[in-house]
Amino acid sequence: MTEADLIFERFPPFIREYIYSHGWESLRGVQIAAAKTLMETDHHLLLTSSTASGKTEAVFFPILTELYEQPMTGVSVLYIAPLKSLINDQFGRMDELLEQSGISVTRWHGDVAASHKNKLLKNPSGILQITPESLEAMLMHRSHDIPRIFSSLRYVVIDEIHTMMSSDRGNQILCQLLRVSRLIGHEPRRIGLSATVGRIDLASAWLGAGSTLPVDAPVIEGENLRWRLGMEHFFYYGKASEEGVNQEKPAIDAGYEYVYDCVKNTKALVFSNSREETEYVCATLRQIAKNRGERDNFLIHHGNLSASLREEAETKMKNDELCAVTCATVTMELGIDIGRLERVVQNDAPGSVSGLLQRLGRSGRRGQVPEMMMVFREEEPLPNTPLPQLLPWGLLRAIAIVQLYREERFIEPPKRKQQPFSLLLHQTLSILASCTELTARELAERVLSLPPFSHVSAEDYKELLVSMLNRDLIQLTDEKGLIIGLAGERLLGSFKFYAVFQDSEDFTVRCESEELGTITTPPPVGDRFALAGRVWEVLDVDTQRRLVYVKGVEGKMAISWPGEYGEIHTRILERMKQVLAEDTEYPYLLEHAGKRLREARELSRNTGLCEQSLVHLGGYTYCLFPWLGTASFRTLRRYIVKHAARFGISGMESDGCYYMTFCMERGTPEELMTSLAQAVEAEGIDPVSLVSPKELPICEKFDPYIPPSLLRYAYAVDRLNPSETRKRILEIAKEYER
């Protein structure tokens, strides 16, 4: 018998029948690899395989086999996912399998009724699906129940780990796993799932942090890379059409018309990189449908919509009989099974290789070849448009992202924070709330021993605790114990405390009895804004209850939410430069996109920007193209400003991490770069010196409660990249030696 046959025979009858009923002629490579680790070792498992390759089934076949053969009371499997929608969807396609197993599955998050949660608390068993926030609440308020609920916990499955490894939210999960292990007295096995992990070694280290067990990361034989991919580019003229609200026939925007034609009469997703753009695209496509007298089948999905509207989009997308089109952000990027999706359209370039693969993979399910069309809109440049604004940055980035994966299978590696002070404060309060009272030594031992805080010094933690005492977040008792203070009680009193990601004090928007979603700042009565892909006029604002009452009106408008849009890796910028410099013709570029790239290449050759990174724009104005990712670009910008006085540098401006412009009244480009190179060779780059003592870099949710000195130190360590910046300065200086 083959290895696959032996594994298949070890599965109980209901799993074998499930495999037969789905027409699988043999176990897939991902299923064999998962079964070998889970059934033959006691190791953790990092399972990385392409989207829709069956990772969930691969790990649950052996898990359910063990639970079926060795049933125990209590929750045996903890499944942690980053999105409620993923939890709602993930086990839907395995309902038949789970029903036959007799193993219960319980969902636990903010939208689940208390009756379902109470049922699990009374009789804990089977599989518990939960978000990190709900698990945090359980650890804080039910710590005494944890040993009873999880006494038989054998596995923790963390889905879509690529979304969390570099974030406070991912580190929060690591804290939670160790806290649970301490309470139940044993260490459950961890399983991490993802389709897009950049560095297997770093991801394995993250998954196994704080554990004594090794991590297996089997290499799955991948299928040949097959995509249907196209890119097209359009100019639009001015912004007049974007400001209109009640225009009966707004100016035609060829780019959006093209998007509409791409998804017409299909089941498709239209991805944008922000909630604002998603809202605008959805409203525009609906307006085009109205102008053409055609059916409006456009839906919308993002984090600020009400649960009912998100679930409506998910349900309609799962219906293979409907030709529904959903405009979405990252909330539709993850592993929700939406059936036979015909096409994905990406509005502008994705921000990362990982994002491209996740979004492209939405359409590659059930034997189909993944299909994506990227559409780029760019304002027609005026004759006096500055040089750096003449380059199609989005198109260049998209080509670079595609080529990096085609040529190198490159995916951005996870980045570990060294000084996560916001999470440190959060876990300090959470642990103290769960224990009622601890001495400072006991608290430090429990908190600093958690994996994310391995680089935090005892001195810095002491400074944080003193600050928390001064702010009344914690209090010192007469017995020298620490308890939650009055300000801490207020902070913990909100359900928003459980989440470590940024949120805002949003207003809930209602149209009559229907809840539409949330906005950050309500407009005055009579003004209009966009939400759920439509335009609303404000009827009333209830500030005390944080409610906005609206009525629907025709047209389209913009809206904005606070937040950052992620960091771009240096390899993408470097490959963008190569795109400009090489003569390669990319088969996926359609007519206008190909023409636009040829124009950009001609411009770069005529101006020499691929040979000389520092380009003279005229007069005292210069433009530097460093081809660095976000963190290194940020470092270089600060380093040049530090040396500004010597060269009379002023007026520093930048656009993302593409270029920076400034005025230089003294010296030449060669003298500037030579001086910078000599400085970095002699002294290196001290990131702490690049952060002004007057700065207060608020980046994470609980940063407003962190001492300013610690914030500046964390910013220098975790958001600047001196080594890569030093290397690039030396490389640019050598350009003047040729």
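The values are calculated or read from the model by the stated rules, or taken from the named source; none is laboratory data. Owing to the predicted nature of the structure, the values given are computational and were not obtained by experimental measurement. Cβ atoms come from the backbone with ideal geometry, glycine included; neighbour counts cover every protein chain shown. When the accessible area is computed, the model is the full protein with side chains, heavy atoms only, and any ligands, DNA or RNA have been set aside. Shrake-Rupley method; radii C 1.70, N 1.55, O 1.52, S 1.80 Å.
Step by step: first the residues of the range 559-574, then only those that are open to solvent by 50 Å² or more (accessible area, probe 1.4 Å) and not acidic (D, E), then the one that is modelled with the lowest pLDDT. Which residue is that? Steps first, answer last, please.
Just the residues of the range 559-574 that are open to solvent by 50 Å² or more (accessible area, probe 1.4 Å), to begin with: 560, 562-567, 569, 571, 574.
Next, only the ones that are not acidic (D, E) stay: 560, 562-563, 565-566, 569, 571.
Working: S560: 65, P562: 59, G563: 54, Y565: 57, G566: 75, H569: 96, R571: 97.
Filtering the range 559-574 for residues that are open to solvent by 50 Å² or more (accessible area, probe 1.4 Å) and not acidic (D, E), the one modelled with the lowest pLDDT comes out as G563.
Restricting to the range 281-308, count the residues that are crowded, with 21+ Cβ neighbours inside 10 Å and farther than 20 Å from E257 by Cα. Matching residues across the range 281-308 total 4.
Determine, yes or no, whether G656 is among the small types (G, A, S), open to solvent by 10 Å² or more (accessible area, probe 1.4 Å), more than 21 Å from K577 (Cα to Cα) and touching a residue at least 24 places away in the same chain (Cβ under 8 Å). Steps first, please.
Values: among the small types (G, A, S): yes; open to solvent by 10 Å² or more (accessible area, probe 1.4 Å): yes; more than 21 Å from K577 (Cα to Cα): no; touching a residue at least 24 places away in the same chain (Cβ under 8 Å): yes.
No, not satisfied.
Considered as a group, the residues in the range 486-526 that are in contact with a strand residue (DSSP E or B) (Cβ under 7 Å, 6 or more places away or on another chain), more than 18 Å from I431 (Cα to Cα) and of a type in the set (G, A, S) include one that is most open to solvent (accessible area, probe 1.4 Å), and that residue is G526. Restricting the search to strands (runs of 3 or more DSSP E) fully inside the range 415-514 and requiring at least 1 residues that are farther than 30 Å from A532 by Cβ gives 474-476, 481-484. When K318 is tested against (1) within 27 Å of G351 (Cα to Cα); (2) open to solvent by less than 70 Å² (accessible area, probe 1.4 Å); (3) not β-branched (V, I, T), exactly one condition is not met: (2). When K577, K642 are checked against the criterion of being at pLDDT 95 or above, on the phi < 0 side of the Ramachandran plot, open to solvent by 50 Å² or more (accessible area, probe 1.4 Å) and not acidic (D, E), K577 stands alone in meeting it. Within the range 271-280, the set of residues being crowded, with 24+ Cβ neighbours inside 10 Å and more than 13 Å from A532 (Cβ to Cβ) comprises F271 only.
Test V466 against the criterion of being open to solvent by 40 Å² or more (accessible area, probe 1.4 Å), within 25 Å of V717 (Cβ to Cβ) and of a type outside the set (D, E, K, R), and give yes or no. The answer is yes for V466.
If you check A499, A530, which single one turns out to be closer than 27 Å to N291 by Cβ and of a type in the set (A, V, I, L, M, F, W, C)? Spell out how you get there, then give the answer.
Numbers: A499 fails: closer than 27 Å to N291 by Cβ.
The conditions single out A530.
Say whether the condition of being modelled with pLDDT of 95 or more, closer than 30 Å to A283 by Cβ and aliphatic (A, V, I, L, M) is met by at least one residue in the range 540-558. Checked against the condition, which is being modelled with pLDDT of 95 or more, closer than 30 Å to A283 by Cβ and aliphatic (A, V, I, L, M), the range 540-558 yields no hits at all. Looking at the range 554-647, the helices (runs of 4 or more DSSP H) lying wholly inside it that each contain 3 or more residues that are in contact (Cβ under 8 Å) with a residue 40 or more places away in the chain sit at 570-581, 591-607, 630-642.
In this structure, A34 does not qualify as surrounded by fewer than 19 Cβ atoms within 10 Å (Cβ to Cβ), part of a helix (DSSP H, G or I) and in contact with a helix residue (DSSP H, G or I) (Cβ under 7 Å, 6 or more places away or on another chain). A residue that is surrounded by fewer than 17 Cβ atoms within 10 Å (Cβ to Cβ), more than 24 Å from the chain's Cα centre (by Cα) and not hydrophobic (A, V, I, L, M, F, W, C) cannot be found anywhere in the range 417-434. Screening I146 on (1) open to solvent by less than 20 Å² (accessible area, probe 1.4 Å); (2) in contact (Cβ under 8 Å) with a residue 40 or more places away in the chain shows it passes everything except condition (2).
Could you tell me which of the residues F8, F14, F61 is buried (at least 22 other Cβ atoms within 10 Å of the Cβ) and not in a strand (DSSP E or B)? Before the answer, list the steps.
Details: F8 fails: buried (at least 22 other Cβ atoms within 10 Å of the Cβ); F14 fails: buried (at least 22 other Cβ atoms within 10 Å of the Cβ).
On inspection, the qualifying residue turns out to be F61.
Take the residues in the range 358-405 that are closer than 26 Å to T163 by Cα and among the hydroxyl-bearing types (S, T, Y); name whichever of them is least open to solvent (accessible area, probe 1.4 Å). Before you say what the answer is, go through the steps one by one.
Keep residues of the range 358-405 that are closer than 26 Å to T163 by Cα, which gives 358-376, 393-405.
With the extra rule that they be among the hydroxyl-bearing types (S, T, Y), the set shrinks to 363, 405.
Values: S363: 1, Y405: 42 Å².
Restricting to residues being closer than 26 Å to T163 by Cα and among the hydroxyl-bearing types (S, T, Y), the top hit is S363.
Considering the range 64-85 alone, what residues qualify as being in a loop (DSSP other than H, G, I, E, B) and either among the aromatic types (F, W, Y) or surrounded by fewer than 17 Cβ atoms within 10 Å (Cβ to Cβ) (or both)? Those that are in a loop (DSSP other than H, G, I, E, B) and either among the aromatic types (F, W, Y) or surrounded by fewer than 17 Cβ atoms within 10 Å (Cβ to Cβ) (or both): Q70, P71, M72, T73. For E133, the conditions (1) within 30 Å of L425 (Cα to Cα); (2) crowded, with 22+ Cβ neighbours inside 10 Å all hold with the exception of (2). Does the range 38-51 contain at least one residue that is assigned to a helix (DSSP H, G or I), among the charged types (D, E, K, R) and open to solvent by 10 Å² or more (accessible area, probe 1.4 Å)? Yes, because at least one residue in the range 38-51 is assigned to a helix (DSSP H, G or I), among the charged types (D, E, K, R) and open to solvent by 10 Å² or more (accessible area, probe 1.4 Å).
For the range 245-293, filtered to residues that are modelled with pLDDT under 90 and among the acidic types (D, E), the residue that is nearest to the chain's Cα centre (by Cα) is E276. Scanning the range 107-125 for residues being touching a residue at least 24 places away in the same chain (Cβ under 8 Å) and open to solvent by 10 Å² or more (accessible area, probe 1.4 Å) gives a total of 6. Restricting the first member to the range 8-32 and to residues that are free of Cβ contacts under 8 Å to residues at least 40 places away in the same chain, and the second to residues that are among the aromatic types (F, W, Y), the beta-carbon pairs closer than 7 Å and six or more apart or on different chains are R16/F8; L27/F8; Q31/F61. Which of the residues belonging to the range 230-244 are at pLDDT 80 or above and closer than 11 Å to R377 by Cβ? Residues satisfying the conditions are E232, H233, F234, F235, Y236. Checking the structure you have, find out if any residue of the range 539-550 is open to solvent by 30 Å² or more (accessible area, probe 1.4 Å), of a type in the set (A, V, I, L, M) and assigned to a strand (DSSP E or B). Looking for residues that are open to solvent by 30 Å² or more (accessible area, probe 1.4 Å), of a type in the set (A, V, I, L, M) and assigned to a strand (DSSP E or B), one finds at least one in the range 539-550, hence yes.
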